[in-house]
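The values are calculated or read from the model by the stated rules, or taken from the named source; none is laboratory data. None of the values given here were measured: they were computed from a predicted structure. Positions of Cβ are generated from backbone atoms using ideal geometry, with glycine treated the same way; all protein chains shown enter the neighbour counts.
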Amino acid sequence: MKYQPNENEANNQSVTFNSYKVLLLGNSYVGKTCILLRFSEDIFKESYDVTIGLNYRIKSMTVENNPIKMQIWDTSGEEKFKAIAKNFYKGAHGVLLVYDICDKSTFSDVKSWIEQIIENADNDEIVMILCGNKCDNEKDRKISKEEGENLAKSYGIPFFECSAKNSININEIFDTMAQKIYTKIGNRQSSSVKLTSNTIKKKIGKCCVTK
């Protein structure tokens, strides 16, 4: 699936707004794309192809009666695309780090993802939230909620379990992200972004599609 611009972008009209850039990070198949689609479009796809490169959505929100835009980047969890993703840490205000509660390896890799965030982020005030996805699948659970809470506590970051399938805690996660970013930086570091369909396609490039 190629990036689909919104109506204004499709007409090549300029869109100017104050925005916060948020990255979705984590191993492949943890459900990052499903989380993005549930939040941005309130849809869920039972089966989907792995994200190749990067996927991008913009979502309007309100924080303390102030309208903002969330630029949400869904990144591939495959090792060969990590070098591409590194370029998109620049200017990021927040990171939603996702693991699958039914897959121990995705939880074990959280530490390496956090190390990569610390290494590449150019914002000392970047907001991180840890998220255990697929909490609807309790029968296949391998990671307890307490384990997730303890890991998040060790890094001093918020923790949620969520389900993109059943729309559990999806809005709450992004509400928390937006509020924490706003509390830390308000408007002083938010981006005033002017985009057209051409500039978006140029920025994303050919790598940023899903099969």
Test: Lys86 is at pLDDT 70 or above and either within 21 Å of Asp124 (Cα to Cα) or crowded, with 22+ Cβ neighbours inside 10 Å (or both): no
Output the number of residues of region 101-127 satisfying the condition of being at pLDDT 95 or above, touching a Phe, Trp or Tyr at 6+ places or on another chain (Cβ under 7 Å) and not polar (S, T, N, Q). 2
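Yes/no per residue for (1) surrounded by fewer than 20 Cβ atoms within 10 Å (Cβ to Cβ); (2) under 18 Å from Asn27 (Cα atoms); (3) among the aromatic types (Phe, Trp, Tyr):
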| residue | (1), (2), (3) |
| --- | --- |
| Asp100 | no, yes, no |
| Val110 | no, yes, no |
| Ile114 | yes, yes, no |
| Ile118 | yes, yes, no |
| Lys134 | no, yes, no |
| Lys139 | yes, no, no |
| Lys145 | yes, no, no |
| Asn150 | yes, no, no |
| Gly156 | yes, no, no |
Report every pair of residues separated by at least 6 positions or lying on different chains whose Cβ atoms are under 8 Å apart, first residue within region 117-136 and touching a residue at least 60 places away in the same chain (Cβ under 8 Å) and of a type in the set (S, T, N, Q), second part of a loop (DSSP other than H, G, I, E, B) and crowded, with 21+ Cβ neighbours inside 10 Å. Asn123/Ala92; Asn123/His93; Asn133/Val30; Asn133/Gly31; Asn133/Ile101; Asn133/Cys162; Asn133/Ala164
From Ser14, Ser60, Ser76, which residue is on the phi < 0 side of the Ramachandran plot, modelled with pLDDT of 85 or more and not β-branched (Val, Ile, Thr)? Ser60
